[in-house]
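Trainee: Provided herewith is a single structure, encoded as C-alpha cells, for subsequent inquiry.
Each reported figure results from applying straightforward, stated rules to the coordinates on display, with no laboratory input. Everything numeric in this text was worked out from a predicted model, so none of it was measured.
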Ligand code: ATP
Ligand code: MG
Ligand code: MG
C-alpha cells in the first residue's frame, strides 16, 4: 500500500496496529522513545525518536507521513492543528481536542443529544466547590481529572463529605477537575465504532469488567444483555461517534443502569483495550479497521461481526518484575488461549503488560477455559 501512516505514541496499541499494518504492507512510522513497544516489531528507518508531546518531533513525523494518527489522546492538539495544513490528521485534531478533556467531551455529547453521566466542572479544587457539586449531583459521586486520565488514575470515588479532603489530595491539587454523578450500573458495556469517510460502523457490544477502575476482562458478546439493549447500545455508540469529526476507530464505554437506561461513560478516539478481542474474534480487527478507515480502504460491516464468543483478560504487572511472564507460562498451557505480551520489560504493579484472548464455540466453554486464569490473577487478592 502506497501511503505511510505516522503515529503519535508507540505503546501496545501501536504494536498491535503495526502487526495489522504489516499484513497489508502499510508502512507505519512511530514517534516515541527508541525501543518502545511498537518500534520493537517494526524495523525500518522512518521512525522518529522523541516524545509524542514534543512539537518539533511531531513536525518531523508529519514530514515523513501521509496520514497522522494517535494511539493516545493526551497530545498537543495545537501542533496537530498546525500540521493539518500539510498532512491528513485522523481523526481530526478538533475531535482529539474535545475528547481529551473529559468534561468538554461530555458537554459535546450532551449538545448532540447523546446521554452521558451528569457532570459539573469545579471552578477550583476546593472543598467549597465539592460542596456545591455534591449538593447538585448527590453522593456518592466520582471526582475526575478533566485531562491526562487513564486506567482510573485521575478518578476518586467520593462516598461522603468525609472523603472531600482525601479526594482533592489524591488528585494532587489538579486545577482541572469535574464531578460526575454516580452511575449505579448493572454492568458496563463497550462498543468499538469505526468512522469511515462515509459510514459509521460498529463491532459487537461487549461487557467490560473493571477492577480498581482498570479494565480487567471483556466478554464478547455481552452476557445476559437482551437484543433490545444490544441494539440500543449499538445505536448510542454510533450516535456518540457520529457527532465527532474525521475518521478512525473509537472505543465507546457505557454504563447499563437499572431499567436498562444507557449512558456514555467516555470515548477514546483510537483503538481501545475493550477491542483487543477483535484480533482473534472478528474477520477484521479494530487495528485493521482503523487503518482501513484512515486510509479510505474498503471496509464491510460483516467483517466486524463476531466469529466466536470471546473473552479477553488483561495481564497487569504484579509484585515481581517477571510476574507477567509467570502468568504467561501458566496461560500457554491452556487450549484456545492466545497470549499477547507487549515487550515492556520489567513489570510495574498495575501496568498493562499483555493480555490473553480465548475464543470458543460457546460463551460457557470460553468461560470454563478462562476461569483458571482468572483464579490465577485473583490468587493474591486480599
Ligand atoms: P480508561 O483507562 O478507560 O481511559 P479512565 O481513567 O479514563 O479509564 P473512567 O473510564 O472515567 O477512567 O473510569 C474508570 C472506571 O471507573 C469505569 O469504567 C467505571 O468502572 C468507574 N466509574 C467511572 N465513572 C463512574 C461513575 N460516574 N459512577 C460509577 N463508576 C464510575
Ligand atoms: Mg479514559
Ligand atoms: Mg474508561
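Trainee: Rounded to the nearest 500, what is the chain's calculated 222 nm mean residue ellipticity when only DSSP H runs of at least 4 contribute -39500 (n - 2.57) each, over all residues?
Mentor: -9000 deg cm²/dmol
Trainee: Please tell me the relative contact order of the chain in percent, rounded to the nearest whole number, where contacts are Cα pairs under 8 Å and at least six residues apart.
Mentor: Across the chain, relative contact order equals 13 percent.
Trainee: Hey, what's the Kirkwood Rh for the range 101-164 if you take every pair of different alpha carbons, in angstrom?
Mentor: So the Kirkwood estimate lands at 12.6 Å.
Trainee: Enter the Cα centre distance for the pair the range 211-263 and the range 10-60, rounded to the nearest angstrom.
Mentor: The two parts, judged by their Cα centres, are 29 Å apart.
Trainee: With the Cα gyration tensor of the range 218-305 in hand, convert its eigenvalues to equivalent ellipsoid semi-axes via √(5λ) and list them largest first in whole Å.
Mentor: Taking √(5λ) for each Cα gyration eigenvalue gives 23, 16, 11 Å.
Trainee: If you consider only alpha-carbon coordinates, what radius of gyration and Dmax does the chain have, in Å?
Mentor: 20.3, 59
Trainee: For the range 1-52, what is the relative contact order in percent, using Cα pairs closer than 8 Å and at least 6 residues apart in sequence?
Mentor: For the range 1-52, the relative contact order is 41 percent.
Trainee: Enter the per residue convex hull volume of the range 238-382, computed from alpha-carbon coordinates, in Å³ rounded to the nearest integer.
Mentor: With only Cα atoms used, the range 238-382 gives 154 Å³ per residue.
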